[in-house]
């Protein structure tokens, strides 16, 4: 993929200048490459993604046409060129693409992205041997991506992870802890890439943990044979991993200091992806609710004329726009700065905005909002599902209360 010139850290966007050279207003325009990415993603969103969404929710499987189209696009499962992919996009390019895809349907986009999240981590941080071992065959879909064990719920930041990787001597390492929300695509995997704290220095490491080994237990959170109101769970079943086992040094990512910094940045970037997707779904829900309000009459008046209807929709848009700017800045900063201190607050802001917007969309439709005749109830469930993976519940309750 075409690389972009990094913007200066510490600034959100370059300022436009008047003829006299004075700073005027913020220039939020995308460059040609970024605009092309958004336009392509939006076409896919309104085409294969939107067309697959209802059936995916009903039948618990995402159609192959949609899966193939997003895989070939290269942003839900980015792969190095040496392994048949299009190359790794910049963090900013990826959040742009995924927000646009999420506009089509956040559930379908999110499931395909989360079940492929390890590809980004391995491609950015893995050795050549590890990339060849774990990513060969993924580009042509002859092999699935190993799942990523990242989340520990309750808005826990990576430096607060309770899962640890501890040296045992003789190039052996103990991996111990629990991971939730592990997106498993297809049949049960042979390994899971587990992200954990390095017990000796509190940095991050990751390890390929074999399923079926002593001390490793993977249990699915839902029954894929039963319809339980989850988007396409048979395509990416969410599971909980309990692990207490020993791996070899060759199974580690983030072993050296530089590799650990790269892993930290890759994990931060991975956390931004569901936030971008859910913002796209929130924008779609807000637009759908607005169109409904403009056409719906009550007491002889279009309901959009009532302040109790129109004002919450406007407030939702303001919060979506504010969260998007925070997301863009965080993604841009990751291109030139390894600091990830702001990632948690950005993720919280995006998910809170999406939860609020989809809830207001449901309320705008009233009783109709709970019916599957309208897609807003699906977008509402998606926002809640993804925010549950990586959002501080205290922050979310506060944001939704004000």
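Is there a residue in the range 251-274 that is crowded, with 24+ Cβ neighbours inside 10 Å and at pLDDT below 90?
Checked against the condition, which is being crowded, with 24+ Cβ neighbours inside 10 Å and at pLDDT below 90, the range 251-274 yields at least one hit.
Residue 62 versus (1) assigned to a helix (DSSP H, G or I); (2) buried (at least 24 other Cβ atoms within 10 Å of the Cβ); (3) at pLDDT below 95: which is the lone unmet condition?
(1)
Being touching a helix residue (DSSP H, G or I) at 6+ places or on another chain (Cβ under 9 Å) and without any contact (Cβ under 8 Å) to a residue 12 or more places away in the chain is the filter here; which residues of the range 322-344 pass it?
The answer is 339, and nothing else.
Say we look at the range 190-211 and pick out the residues that are at pLDDT 90 or above and outside any strand (DSSP E or B); which of these is surrounded by the most Cβ atoms within 10 Å (Cβ to Cβ)?
Out of the qualifying residues, it is 211.
Name every residue in the range 126-158 that is outside any loop (DSSP other than H, G, I, E, B) and out of contact with any strand residue (DSSP E or B) (no Cβ under 9 Å at 6 or more places or on another chain), in order of residue number.
Of everything in the range 126-158, those that are outside any loop (DSSP other than H, G, I, E, B) and out of contact with any strand residue (DSSP E or B) (no Cβ under 9 Å at 6 or more places or on another chain) turn out to be 128, 129, 131, 132, 135.
Just wondering, is there one or more residues in the range 285-294 that are modelled with pLDDT under 90, touching a strand residue (DSSP E or B) at 6+ places or on another chain (Cβ under 7 Å) and not assigned by TED's automatic domain parsing to the domain that holds residue 110?
Yes, there is a match, as at least one residue in the range 285-294 is modelled with pLDDT under 90, touching a strand residue (DSSP E or B) at 6+ places or on another chain (Cβ under 7 Å) and not assigned by TED's automatic domain parsing to the domain that holds residue 110.
The conditions are (1) at pLDDT 95 or above; (2) loosely packed, with under 15 Cβ neighbours inside 10 Å, and residue 143 fails exactly one of them. Which is it?
For residue 143, the failing item is (1).
If you check residue 372 against the conditions, is it in a loop (DSSP other than H, G, I, E, B), assigned by TED's automatic domain parsing to the domain that holds residue 270, out of contact with any strand residue (DSSP E or B) (no Cβ under 7 Å at 6 or more places or on another chain) and more than 24 Å from residue 108 (Cβ to Cβ)?
Here the answer is no, as residue 372 does not meet what is asked.
Look through 121, 111 and report the one residue that is closer than 25 Å to residue 194 by Cβ, touching a strand residue (DSSP E or B) at 6+ places or on another chain (Cβ under 6 Å) and in contact (Cβ under 8 Å) with a residue 40 or more places away in the chain.
None of the others qualify; the one that does is 111.
Kindly provide the set of residues from the range 159-187 that are exposed (fewer than 13 other Cβ atoms within 10 Å of the Cβ), assigned to a loop (DSSP other than H, G, I, E, B) and out of contact with any strand residue (DSSP E or B) (no Cβ under 7 Å at 6 or more places or on another chain), ordered by number.
Correct list: 170, 187.
The values are calculated or read from the model by the stated rules, or taken from the named source; none is laboratory data. Everything numeric here is computed off the predicted structure, so don't read it as measured data. With ideal geometry, Cβ positions are generated from the backbone for all residues, glycine too; neighbour counts draw on all protein chains shown.
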